[in-house]
Amino acid sequence: MTFKERYLAGEIPFEEIDDYIIRWNNSDALCTLREYLGLDFQEEDVWIEESDEALKELLDKQKT
């Protein structure tokens, strides 16, 4: 499961994103970081252009 899937399912706290980034940096994954985390383009843009907190707010709106 991706970071986003696990976060939305309530399995991990948002701060776990840092561990996912470290794992991606140390992996041979051929996908982008966005793909590795499971983010869509809008979520990636919010994260880059605004902040971690803005991404968290966007994801929190998707929680069921």
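The values are calculated or read from the model by the stated rules, or taken from the named source; none is laboratory data. In this text the structure is predicted, and so the values were computed from the model without any measurement. Don't worry about glycine lacking a Cβ; one is built from the backbone with ideal geometry, like all the others, and counts go over all protein chains shown. Surface areas here come from the heavy atoms of the whole protein model, side chains and all, with no ligands, DNA or RNA. Shrake-Rupley method; radii C 1.70, N 1.55, O 1.52, S 1.80 Å.
Normalised by the number of residues in the chain, the mean separation of alpha-carbon contacts (under 8 Å, six or more apart) gives a relative contact order of 41 percent.
Legend: calculated FRET efficiency, N25 to D60, from the Cβ-Cβ distance at R0 = 35 Å, rounded to 0.05, equals 0.85.
For the chain, what does -39500 (n - 2.57) per DSSP helix run (n ≥ 4), summed and divided by total residues, give at 222 nm, in deg cm²/dmol to the nearest 500?
On the way: 5 runs with 38 residues, N = 64.
Rounded to the nearest 500, it is -15500 deg cm²/dmol.
Translational diffusion coefficient of the range 2-44 (Stokes-Einstein, Kirkwood radius from Cα pairs, 4 °C, 1.567 mPa s): 122 µm²/s.
For the chain, carbon and sulfur atoms together expose 49% of the accessible surface, with a 1.4 angstrom probe and every protein chain in place.
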